[in-house]
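Shown next, in structure tokens, is the structure this report addresses.
The values are calculated or read from the model by the stated rules, or taken from the named source; none is laboratory data. None of the values given here were measured: they were computed from a predicted structure. All Cβ positions, glycine included, derive from the backbone under ideal geometry; neighbour counts span all protein chains shown.
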Amino acid sequence: LIWDVYGHWLAGFSDNCSHGDPSLAELLVVLEGLKFAWHMGFKIFQCMIDSMDIVQSLLHRDQAYLHSHASYLLDIFSLVDKPWSMNFFWIDRDRNCSADALAKLGALSSPVFEYWMSPPPYVLKWLLLDVVS
């Protein structure tokens with residue numbers, strides 16, 4: 001999901017990718033999130049990820065070819081290299097409840113990629129938890 005520095009919802013998306021591979025799912029979310037942010041015209045963007053393994057993979061580009069999902073890392077790096085200020089940060093899973101709720105919503109839905117310009121009702125309470133934590 002994409003929110004501003006004050007914790008206000010800007011946009012989000014959900015999908016049922018049904019891969020069964022958490023690393024791949026996380027990379028696909030990062031890739032789609034970066035595409036979405038770029039197309040929305042953001043020039044400064046911080047990507048907060050609750051998987052330390054994925055953050056480390058994104059911060060160590062020189063070792064990307066060793067990753068089991070190297071092709072997705074390379075796709076992400078091509079977006080990172082666009083003319084914008086972009087950084088990756090680790091966020092504690094307890095402070096990322098709304099993103100987790102969106103992921104669960106996607107997993108429960110049909111395999112259709114869905115954009116959310118306002119938060120779906122299921123995610124509202126989790127957004128509040130993230131903002132206050």
### Query
In segment 116-127, how many residues are at pLDDT 75 or above and touching a Phe, Trp or Tyr at 6+ places or on another chain (Cβ under 7 Å)?
2
### Query
Can you tell me which of Ser85, Ser78 is touching a strand residue (DSSP E or B) at 6+ places or on another chain (Cβ under 6 Å), exposed (fewer than 12 other Cβ atoms within 10 Å of the Cβ) and over 23 Å from Trp116 (Cα atoms)?
Ser85
### Query
Is at least one residue of segment 44-67 of a type in the set (Gly, Ala, Ser) and surrounded by fewer than 12 Cβ atoms within 10 Å (Cβ to Cβ)?
no
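Does Asp62 satisfy being among the charged types (D, E, K, R) and either under 24 Å from Tyr115 (Cα atoms) or in contact (Cβ under 8 Å) with a residue 24 or more places away in the chain (or both)? Steps first, answer last, please.
Values: among the charged types (D, E, K, R): yes; either under 24 Å from Tyr115 (Cα atoms) or in contact (Cβ under 8 Å) with a residue 24 or more places away in the chain (or both): no.
When the stated conditions are applied, Asp62 does not pass them.
Going through Ser98, Ser71, Ser109 one at a time, which residue ends up being of a type in the set (Ser, Thr, Tyr), modelled with pLDDT under 90 and farther than 22 Å from Gly7 by Cα? Give the steps one after another, and end with the answer.
Values: Ser98 fails: farther than 22 Å from Gly7 by Cα; Ser71 fails: modelled with pLDDT under 90.
Answer to the check: Ser109.
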